[in-house]
Amino acid sequence: RLDSFLTQTIQYFEEKYPGTIYVWDLVNEAIEPGTGEFAKGDKRKIQIKDNLFYDTIGSDYVEYSFLYARKAVNELKEMYPDRDVNIKLFYNDFNCYQKTKRNAICELVKSIQKLGQENGLGNLIDGVGMQCYLGSTGQGADNLLAKADTLLAPSTNKNDESIPNAIFMFNELGCKVHITELTVRNYKQDQNDSHAKFYSK
């Protein structure tokens, strides 16, 4: 059913609207959000609570989603040799810059890549989509600005927790990175100037 659904969806949009969709956020938010609700020993930390995909298909449903989607894209290339079918497949999540989530995503990417190699399809995943919702309810740009130096610091030290560092680490695995969502929350009108500066930075 997963294979059929992904194949029909991807191929439908390419057939009806050629070239319109150049990338799919194929699987979204599969990694547990810091609640510890994942199988013991699972370095990918796939969410197990209230996860029908996990319950129905199994712990490797993310990997097989990429396998089936890659097959669907490859079939499109054969069906339309005159077109430049170049659809990319991404994994998308939030808090990707946080060390625990970032490391889990890296493990997931490696697992997806391994399945592709085992099935003779090469690399199944093209990139990672990073949602960036910065600041929480009641916290505005004043709090974010205080930690801007670390949050936005370029670094290749795997212990450092920052947005650029996550981008570098995903790139080391051969993944492109898209900022798929970006929100800097600010609830204080007198902080608008610093809010704008942080957003720009």
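Between 0 and 90 degrees, the angle of helix 2-16 with respect to the longest Cα principal axis of the chain falls at about 90 degrees. In this structure, the amide hydrogen of residue 155, modeled 1.01 Å from its nitrogen in the peptide plane, lies closer than 5 angstrom to those of 165, counting only residues at least 5 positions away or on a different chain.
In nm, to one decimal, how far is the residue 114 label point from the residue 189 one, both placed 7 Å along Cα→Cβ? Label-label distance for residue 114 and residue 189, simple model: 5.6 nm. For helix 163-172, what angle does its Cα long axis make with the longest principal axis of the chain, in degrees from 0 to 90 and rounded to 10? Value to nearest ten degrees: 30.
Helix-only arithmetic for the chain: the sum of -39500 (n - 2.57) across DSSP H runs with n ≥ 4, divided by the residue total, places the mean residue ellipticity at 222 nm at -13500 deg cm²/dmol.
Set against the labelled values (i) 1.06; (ii) 1.02; (iii) 1.33, Rg/Rh (Cα atoms, Kirkwood Rh) computed from this structure falls on (ii).
Whenever you get a sec, compute what percent of the accessible area on the chain sits on carbon and sulfur atoms (1.4 Å probe). Present the calculation step by step, with values, prior to reporting the outcome.
Values: 5360 of 11070 Å².
The value for the chain is 48 percent carbon and sulfur by accessible area.
Just name one of 27, 10, 200: the one whose Cα is farthest towards the positive end of the charge dipole of the chain (beta-carbon charges, Lys/Arg +1, Asp/Glu -1). Final value for the positive-end residue is 200. With a simple spin-label model that places each label point 7 Å from the Cα along the Cα-to-Cβ direction, the separation between residue 103 and residue 199 comes to 3.5 nm.
Excluding ligands, DNA and RNA, the accessible surface per residue across the chain is 55 Å² with a 1.4 Å probe.
The values are calculated or read from the model by the stated rules, or taken from the named source; none is laboratory data. Since the structure is predicted, the reported quantities are computational estimates derived from the model, not experimental observations. Heads up, the Cβs are rebuilt from the backbone with ideal geometry, glycines too, and the neighbour counts pull from every protein chain shown. Areas reflect the complete protein model, heavy atoms only, side chains present, ligands, DNA and RNA absent. Shrake-Rupley method; radii C 1.70, N 1.55, O 1.52, S 1.80 Å.
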